[in-house]
1. Residues being of a type in the set (S, T, Y), at pLDDT 90 or above and over 17 Å from the mean Cα position of the chain (by Cα): count how many of those fall in the range 9-37.
2. In this structure, is R144 basic (K, R), touching a strand residue (DSSP E or B) at 6+ places or on another chain (Cβ under 9 Å) and part of a loop (DSSP other than H, G, I, E, B)?
3. Considering the range 121-134 alone, what residues qualify as being crowded, with 21+ Cβ neighbours inside 10 Å and either part of a loop (DSSP other than H, G, I, E, B) or on the phi > 0 side of the Ramachandran plot (or both)?
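The values are calculated or read from the model by the stated rules, or taken from the named source; none is laboratory data. As the structure is a computational prediction, the values presented were derived from the model and not from experiment. So basically every Cβ, Gly included, is an ideal-geometry build from the backbone, and we count neighbours across all protein chains shown.
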Amino acid sequence: MKLIAPLLAVAASFGTAKAVSVTLTGIANSTIGLVTSTTGQLLNGTAYFYSTAVDLSVAQVASVTTRASFEALLGADPGAVRGPVAFTNGAFTSSGPVEMGAVGNITYMVLITSGGMMNIYQGPSVPSLGAVTINPANITENLRGSSGLQSIGGVNSGYQFIPEPSTALLGALGALGLLRRRR
């Protein structure tokens, strides 16, 4: 009887996924690209990092407006693994060992500006050994916003925040009012 419990524990452990701890690094800097608006304005805000087996699509996150609603889509697998990480003038670096859940989990980075705009990026899958690095050069999918090194008005931009359609519409109406006023 004393041997049965340890044997059952060993047998049960073979059927569960093993969690791995690897180094998770998130980077935005002037070399690989900063967090900017589409006009090149350097932004301030907060980054959050996630690991999960859930593979989200653009359509699934289209209506996400808060970090809590994003986390509700993921569940806890392990879910949030790092954050908040502040970014100032478009730059941040965050690195260190993190328990990332099962090998093959999908990583996500959520950037939220101080103005409340949110972008969601899918990063590389969790390896069994090594590291996960999330930067504009290795984003797997841009679920909202755009990514990739480009010069916008002389600023190396890597994570671009595209204004929401309502914000762009209000801005255009304001500009139209100024033009009409000048005439």
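1. 3
2. Here the answer is yes, as R144 does meet what is asked.
3. V126, the sole residue that qualifies.
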